[in-house]
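The values are calculated or read from the model by the stated rules, or taken from the named source; none is laboratory data. All values derive from a computational prediction rather than experimental measurement. With ideal geometry, Cβ positions are generated from the backbone for all residues, glycine too; neighbour counts draw on all protein chains shown. Surface areas here come from the heavy atoms of the whole protein model, side chains and all, with no ligands, DNA or RNA. Shrake-Rupley method; radii C 1.70, N 1.55, O 1.52, S 1.80 Å.
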Amino acid sequence: MGDGSIVKLSEFLRSPPGRYVLDWERQHLDAAVADIFGYHALQLGLPQIDTLRENRMPLRFCAARRLPEEGEGSDGNRVAVINRYEELPFATHSIDLVVMPHILEFAADPHQVLREVERVLVPEGHVVITGFNPYSMWGARQYMSRLGASAYLPRAGRFIALPRIKDWLKLLSFDVERGRFGCYAPSVRSDGWLARWRFMEKAGDRWWPFLGALYMLTAVKRVRGMRLVGAVWKRKEEPVRRLAPAATTRAMLTAEGQTAVVIAPDAANERIPAQARR
């Protein structure tokens, strides 16, 4: 995810339709991760929201390209700053849950990002993905921007249809458990007009569910020929897995009193406010 696309996505999420998106994702991601068990849960990107707040794993944190900027808002995430989503600095088979809000559509190589997620996940580990649906009213409005119309969504995004995401996951031996669409309001820009179209949420879920502006799906990593005995989350005889970064870590206290673990100091120093480096 390049720096330019990050800025544009951040600007969109501060707008009324962006807040509409975040509200929907908070609600449905909370429900999706609440009953997934294990030891280590990882959120990739979008540090403005805590997608793991309803999960009960002992270690929950966010890995992103940068810390939240002033004015973006935050749910109190613990943020680890990393260089690239295509090269995750975590050990193989060390993560039980990975949540990916809008990562694939802004990644330079979304296939490699998925391969890295498959690598770090334990057998029977879960991945939760959200993205913008190109086959929606918002997607149609974005397509018109190629013909000269003003862009509604971040222009740098390459929005991927849900069937294609499912195909990619199948090639990596994931089984899709469940998914859903949401955000059926037209591409309006004000809180007032979005409120007037709220009735579309229930109508869209019932009558045209595949036309929601957002989608979310949950998939499980399968290891063929492997037989799990007992509860998956009980691994008392396993050695403790280490979330060892590739570079030296350094803890710091941000201006808002949040702890940030910087995994790639050279990449993070350019974006961390001076008052946060103490």
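A few comments on the model shown:
- Region 130-210: relative contact order as a whole-number percent, Cα under 8 Å and 6+ apart: 28 percent
- Sites Glu124 and Gln27 - FRET efficiency at Förster radius 25 Å, r taken between beta-carbons, to 0.05: 0.45
- Global geometry of region 130-202, whether rounded, prolate or oblate, following the gyration tensor of its Cα atoms and the 1.5 cut on a/c: oblate
- Only Lys, Arg, Asp and Glu carry charge here, each on its Cβ (+1 for the first two, -1 for the last two); on that basis region 125-184 has a dipole of about 200 debye about its Cα centre.
- Whether region 100-145 is rounded, prolate or oblate, judged on the alpha carbon gyration tensor where a/c under 1.5 counts as rounded: prolate
- Anisotropy class of region 96-179 from Cα gyration tensor, a/c 1.5 cut: prolate
- Within the assembled protein chains, the solvent-accessible surface assigned to Met216 is about 20 Å², based on a 1.4 Å probe.
- Three principal axis lengths of region 1-153 [C-alpha, angstrom, descending]: 48, 29, 28
- Fraction of accessible area attributable to carbon and sulfur, region 152-193 (%, probe 1.4 Å): 51 percent
- The figure for Trp24 is an accessible area of roughly 20 square angstrom, using a 1.4 Å probe on the protein chains alone.
- Surface accessible to a 1.4 Å probe, per residue, for the residues of region 113-234, Å²: 55 Å²
- Extension reserve of the Arg158-Leu171 stretch, reckoned as 0.36 nm per residue once the Cα distance is removed: 2.6 nm
- If the segment from Asp109 to Ser150 were pulled out straight at 0.36 nm per residue, it would be longer than the present Cα-Cα gap by 12.1 nm.
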